[in-house]
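Taking it in order: structure first as structure tokens, then the write-up.
The values are calculated or read from the model by the stated rules, or taken from the named source; none is laboratory data. Model, not experiment: these values are computed from the prediction. So basically every Cβ, Gly included, is an ideal-geometry build from the backbone, and we count neighbours across all protein chains shown.
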Amino acid sequence: MEALISNYWWVLVALLCVVLYKYILRFLFGMVIVPEDRIGLITKKFVLFGSDKELPDGRIIAVRGEAGFQGKTLAPGLYFGMWFWQYSVTMEQFTIIPEGKIGLIMAKDGSEIPTGNILGQRVESDNFQDAVKFLDNGGQRGRQTSYITSGSYRINTMLFQVSVTDMIRIQESMVGIVTTLDGLPIEANQIAGKLVDGHNNFQNFDNFIKNGGNRGLQPQVILAGSYNLNPWAIQMEEIPMTEIAIGYVGVVISYIGTEGSDLTGADFKHGNIVGKGSKGVWLEPLGPGKYPINKYIMKVELVPTTNLVLNWASARSEAHNLDKNLSTITVRSKDGFPFNLDVAQIIHVPTTEAPKVIARFGNMVNLVSQVLEPTIGNYFRNSAQDSDVIAFLSTRKERQESAKEHIRKVLDEYNVNAVDTLIGDIVPPEALMKTLTDRKIAEEEQKTYQTQKMAQEQRQGMEKETAIADMQKDIVKAQQSVEIAERTASATVKKSEGDAAGVKLAVGAEAEATKMRAHAEAEATKARAQADSEAIKLRASAEAEQISLTGSAEAGKILAVGKSTAESYELAVKALGGENFTRYKITEELSKGNVKLIPDVLIGGNGNNGGSAMDGLLGLKLMELMDPQQRKEVVAVAEIIETKPKPKRDNINP
């Protein structure tokens with residue numbers, strides 16, 4: 001074994017050298033090897049000579065060869081003279097900032113930050129990779145305004161502490177409102193810093209500080225995108241952009257800027273309207289679109305420029321919600337009845353007048369509550385007190401026109417156009433409404449009854465005309481029958497007259513009597529024909545006039561028959577003489593009744609007086625045997641004979 005070791009000792013030495021070559025080289029030559037992905041951080045343990053090699057008070061990084069943490073670092077490579085008994089070398093990885101991130105730097109050594117500032121100002125130091133240059137150029141200890149973006153850096157971690165944070169991203173249709181944490185104080189009477197340029201959306205915060213930027217709320221906003229913003233220097237709030245819809249304008253009220261002069265003139269005394277960029281209400285409103293407005297330094301009041309409908313109705317509200325606090329108007333009439341009515345007011349605010357409306361009222365809600373609501377409510381309350389409920393309902397159109405004109409004049413004083421005033425539903429008291437309803441129903445029923453009556457009258461007239469038309473055939477037939485009867489009667493009369501003349505010539509007195517009888521029969525026939533004709537006419541009319549005319553026709557007929565009979569008897573009496581006619585009629589009736597003319601016992605008498613008495617008894621007996629109707633006719637004839645003056649007779653017996 002000893003022989004083996006003695007022969008191969010050099011192999012063992014070679015293996016130890018291979019394994020411990022770094023230490024051996026470091027010991028022999030002070031050599032240090034820094035890998036390609038590392039950085040060497042040097043700590044000097046002591047200084048051999050010179051008191052000036054001590055670190056100044058308050059410093060922790062040596063830049064002049066002092067003992068301690070060295071500002072200079074070793075990049076990847078081979079270095080000599082770094083004796084292990086004097087220097088300690090620590091290998092650190094590179095500082096890597098990922099994509100979408102930034103590295104915030106805090107320096108552990110450097111100059112003091114000036115009073116009032118909270119961040120160290122940027123100095124040339126090769127993105128904080130040269131610690132010596134950072135300290136030599138006056139770099140300040142503490143949080144730095146500068147930062148490093150994505151990449152790999154050889155950062156001396158004994159001097160710098162790196163914190164990785166996200167980039168700032170502003171979404172589409174959003175806007176970033178910036179509040180800076182360092183800079184000059186904001187000027188008096190201002191709520192935001194002044195506008196400065198040259199800082200690339202606050203990404204170069206050092207330029208912002210150099211250009212006199214103020215700490216606090218900034219007037220400038222950041223639009224959509226990704227930004228390398230130092231969160232130690234800037235606070236970001238993301239809000240939606242201000243959108244002005246079509247049909248609206250945006251009146252800008254700026255809280256910052258210089259005091260601008262009023263542009264409205266002496267006639268407008270309700271506020272200052274200034275130019276763009278000044279503090280106050282801007283004269284020029286914003287049109288429809290999206291605007292990156294900083295809501296903390298300016299306000300945009302939306303004013304509708306289309307026709308705007310406001311409803312005084314509890315159950316209805318428009319989409320703009322300006323009338324959400326309006327309700328149905330309750331008024332009281334002259335006769336003491338309270339009732340409700342709905343009102344709609346249409347207004348229009350011209351674009352050029354919108355700033356004046358906002359300068360006067362502040363917003364559209366105040367316009368509605370301070371002007372429109374009291375004006376319209378009081379007008380209708382006053383108007384209702386001048387009339388009763390019924391009159392108010394009946395004059396609705398006139399009152400609507402009057403309200404429109406009154407409200408138009410009022411709104412003209414406030415730079416608002418009144419387009420129209422409309423009265424909606426009117427709700428009278430329930431008791432009064434019931435009375436009106438009952439009255440209207442009664443009126444309509446009366447009209448209905450009148451219409452039905454007229455219809456019935458028209459129907460009766462139609463039925464009457466229909467009946468007359470239906471009887472027209474009978475009427476024509478009756479008229480023809482009357483003509484036939486008249487002609488027949490005329491022919492009979494002529495025939496009778498001819499026969500009577502012949503008899504008169506042949507027989508004398510008997511012919512005269514026959515003539516008279518024929519004439520009487522002709523007259524009777526004519527009278528009957530006329531009576532029949534009249535009866536036919538009356539019967540035709542009786543179907544329309546019913547029972548009355550029928551009775552009259554029958555009475556006329558009886559009267560005509562009686563009259564004709566009487567006239568016939570009178571002519572017969574004239575022709576035959578009263579006593580002879582009486583004997584004739586008695587004989588005729590007896591023959592009709594089969595009465596014995598010669599009784600079984602004849603009663604005679606002597607002298608004229610005795611004969612007359614017997615004749616009278618005989619006549620009475622015969623009358624008892626006669627039919628009652630015939631007896632009435634004989635009595636009537638006898639009465640006629642008694643009333644007639646008796647003709648003078650000759651002493652010659654017939």
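Structural remarks
- Check on residue 322, within 30 Å of residue 286 (Cβ to Cβ), in contact with a helix residue (DSSP H, G or I) (Cβ under 6 Å, 6 or more places away or on another chain) and of a type outside the set (D, E, K, R): yes
- Qualifying residue in segment 443-465 (condition: touching a residue at least 12 places away in the same chain (Cβ under 8 Å), surrounded by 13 or more Cβ atoms within 10 Å (Cβ to Cβ) and part of a helix (DSSP H, G or I)): no
- Complete set of residues in segment 23-75 that are at positive phi and either β-branched (Val, Ile, Thr) or modelled with pLDDT of 80 or more (or both): 58, 65, 68
- Test: residue in segment 413-432 that is part of a helix (DSSP H, G or I), assigned by TED's automatic domain parsing to the domain that holds residue 315, in contact (Cβ under 8 Å) with a residue 12 or more places away in the chain and in contact with a Pro (Cβ under 8 Å, 6 or more places away or on another chain): no
- For segment 179-193, the criterion of being hydroxyl-bearing (Ser, Thr, Tyr), more than 16 Å from residue 102 (Cβ to Cβ) and buried (at least 18 other Cβ atoms within 10 Å of the Cβ) is met by at least one residue.
- Of the criteria (1) under 23 Å from residue 68 (Cβ atoms); (2) crowded, with 21+ Cβ neighbours inside 10 Å, which one residue 111 fails: (2)
- Counting the residues of segment 415-438 that are over 14 Å from residue 389 (Cα atoms) and surrounded by 11 or more Cβ atoms within 10 Å (Cβ to Cβ) gives 10.
- Scanning segment 148-156 turns up no residue that is in a strand (DSSP E or B), small (Gly, Ala, Ser) and outside the structural domain of residue 60 (by TED's automatic domain parsing).
- Of all the listed residues (45, 72, 101, 108), the sole one being among the basic types (Lys, Arg), in contact with a helix residue (DSSP H, G or I) (Cβ under 6 Å, 6 or more places away or on another chain) and not assigned by TED's automatic domain parsing to the domain that holds residue 227 is 72.
- The residues on offer are 218, 203, and the sole one that is at negative phi and assigned to a loop (DSSP other than H, G, I, E, B) is 203.
- Which listed residue, of 127, 117, is surrounded by 15 or more Cβ atoms within 10 Å (Cβ to Cβ), in contact (Cβ under 8 Å) with a residue 24 or more places away in the chain, under 20 Å from residue 71 (Cα atoms) and not assigned by TED's automatic domain parsing to the domain that holds residue 219: 127
- The set of residues in segment 92-115 that are of a type outside the set (Phe, Trp, Tyr), in a loop (DSSP other than H, G, I, E, B) and in contact with an Asp or Glu (Cβ under 9 Å, 6 or more places away or on another chain) contains only 100.
- Matching entry among 196, 249 (being in a loop (DSSP other than H, G, I, E, B) and in contact with a helix residue (DSSP H, G or I) (Cβ under 9 Å, 6 or more places away or on another chain)): 196
- Matching residues in segment 352-389 - criterion: being more than 27 Å from the chain's Cα centre (by Cα), of a type in the set (Val, Ile, Thr) and surrounded by fewer than 20 Cβ atoms within 10 Å (Cβ to Cβ): 352
- Only one of the numbered conditions (1) touching a residue at least 60 places away in the same chain (Cβ under 8 Å); (2) of a type in the set (A, V, I, L, M); (3) closer than 30 Å to residue 419 by Cα is not met by residue 293, and that is (3).
- Of all residues in segment 312-341 being under 27 Å from residue 415 (Cβ atoms) and touching a residue at least 60 places away in the same chain (Cβ under 8 Å), the one that is surrounded by the fewest Cβ atoms within 10 Å (Cβ to Cβ): 313
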